[in-house]
Amino acid sequence: MEHGRQDELNDLMRRRREEYEELLALGIQPYAYSYDVDSVAAEILASFNDEGEARNASIAGRIVTIRRMGKASFAHVQDHSGKIQIYLKKDDLGDETYKLVKLLDIGDIIGLSGVIFRTRMGEISIHVASFSVLAKSLRPLPVPKEKTDDEGKRVVYDQFTDKELRYRKRPLDLILNPDVKETFIKRSLLVRSMREFLDERGYIEVETPVLQPLYGGAAARPFVTHHNALDMKLYLRIADELYLKRLIVGGFDGVYEIGKDFRNEGMDRNHNPEFTMLELYVAFKDYNWMMELVEEMLFAINQAVNSTSTAVVAGHTIDFTPPYTRKTMFDAIREQTGEDIRALDEAGLRAVAKRLGIELEESDGSGRIIDTIFSERVEQTLIQPTFITDYPLELSPLAKKHRTEPGLVERFELYVNGQEIANAFSELNDPIDQKQRFLDQAALRMRGDEEAMTYDEDYIETLEYGMPPTAGLGVGVDRLTMLLTGAESIRDVILFPTMRPVK
């Protein structure tokens, strides 16, 4: 911050502290315990009737503008629903009470009661009969300022628009950019509608460990911590999968969890180290059945959030009406690149990647190469909801082998607007096959693949008791929220995203 701006801030904070002391000297507590509210701004504005009887209202909120004019003052108060103008008149409040108006600042939270009316300028307002200071703001808000230029045009400056600062100062972001609050209200509605959809079908919501002695269920690097009392290493979970499938073995026919997962990976517009996932497992079903459930669920969720079958994202109108396009991973790659890679070995896949200008790691096996080609050349082209099916076995160590296609597994990922939204399998329930898959993953780790899965002996033992045929699903709640709200970054839909330290 420039030196002059810092001096200005210091002066403003000093003045507010003096106002705080003056309130105390007058016997007024600057931080109240409660206030009785019977109305909110949005409801008052929506229901006011010029021909109706005079109505009193009591509201509480934050002062966002104030204009003093001698014996009268106007201000706007913002509560959780919106903002409304208030009118304070010296003759009505009395000299002593009106003196308090000069001690009010933008950012202060007040409670007030009065009669609702319409001003001569046509604005619905509250004529204040009494007010109380509920919380004195000692630090000024970065409120936008206005001025008129030489041509008479209104110019707004000092707006709180810096994305990085808004993420770091989310409370200020919510105060100064009310549309941000709408995004998180929609997120709450999304999660609630997701839960209702699953509950209506009889699936049981459960909780599984966040701290795990072994991490698994996904290809990712974990966060590592230490339990002092047990003197043992623990991991923040990267997925809920292996614990939820243990519950299917235990006799639940359908279980789900909506919770936090953690992956020690880079950050970009689609990735945050801490994120929210829905995972669902249903016994006696397969991935074909799960595709239909996903179509129904996303259609229902979007209806709940947006009251329509579509959502507008980055200029694209996304239609969530079932059914969605379905194509295999190999067909999708062939359509976009002209390369048929279905029967190629690792050397052949590396040659294709080189022709396409795609860089690979030395540790990449065949499955990882195929996934990289798909990510680089296909993902961004999948705008409308599209199921990509039938993945290489090496990429999916927890999925059941394809019943008709050797070397593949029964898996799908749902892509919308160029990014993965959901991932699902016909779950592998053969303990002998699963053990070998874990050993194959161990070999990949030996080659240097840090995201390959670890061997989980207890999980193998659990499978040996017998797990019924099962369909499993994971849905990224943050990415789905981005999609249904039109957000550009995952940080726009996480209230407190992970941020780099400020130097």
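Odds and ends about this structure:
- Hits in region 96-129 - residues which are outside any helix (DSSP H, G or I), surrounded by 13 or more Cβ atoms within 10 Å (Cβ to Cβ) and hydroxyl-bearing (S, T, Y): S113, S125
- Failed item in (1) surrounded by 15 or more Cβ atoms within 10 Å (Cβ to Cβ); (2) in contact with a helix residue (DSSP H, G or I) (Cβ under 7 Å, 6 or more places away or on another chain); (3) modelled with pLDDT under 95, with M467 passing the rest: (3)
- Only one of the numbered conditions (1) out of contact with any Leu (no Cβ under 6 Å at 6 or more places or on another chain); (2) touching a residue at least 40 places away in the same chain (Cβ under 8 Å) is violated by L280, and that is (1).
- Criterion violated by V409 - all others in (1) within 19 Å of M290 (Cα to Cα); (2) assigned to a loop (DSSP other than H, G, I, E, B); (3) not hydroxyl-bearing (S, T, Y) satisfied: (2)
- Options A218, A300, A229; residue that is in contact with a helix residue (DSSP H, G or I) (Cβ under 6 Å, 6 or more places away or on another chain) and assigned by TED's automatic domain parsing to the domain that holds I388: A300
- Check on E361, in contact (Cβ under 8 Å) with a residue 12 or more places away in the chain, in the same structural domain as V477 (by TED's automatic domain parsing) and surrounded by fewer than 16 Cβ atoms within 10 Å (Cβ to Cβ): no
- Residues that are charged (D, E, K, R) and more than 32 Å from the chain's Cα centre (by Cα) were ranked within region 446-478; the one that is farthest from F262 (Cα to Cα) is E464.
Conditions (1) out of contact with any helix residue (DSSP H, G or I) (no Cβ under 9 Å at 6 or more places or on another chain); (2) assigned by TED's automatic domain parsing to the domain that holds V128; (3) among the aliphatic types (A, V, I, L, M), marked per residue:
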site: E21; (1), (2), (3): yes, yes, no
site: V40; (1), (2), (3): yes, yes, yes
site: R67; (1), (2), (3): yes, yes, no
site: K90; (1), (2), (3): no, yes, no
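- Residue within region 413-431 that is acidic (D, E), more than 30 Å from F387 (Cβ to Cβ) and in the same structural domain as N288 (by TED's automatic domain parsing) present: no
- Counting the residues of region 25-51 that are assigned to a helix (DSSP H, G or I) and surrounded by 12 or more Cβ atoms within 10 Å (Cβ to Cβ) gives 6.
The values are calculated or read from the model by the stated rules, or taken from the named source; none is laboratory data. Predicted model, so just to flag it, every value in this text is computed and none were measured. All Cβ positions, even for glycine, are placed from backbone atoms using ideal geometry, and neighbour counts span all protein chains on display.
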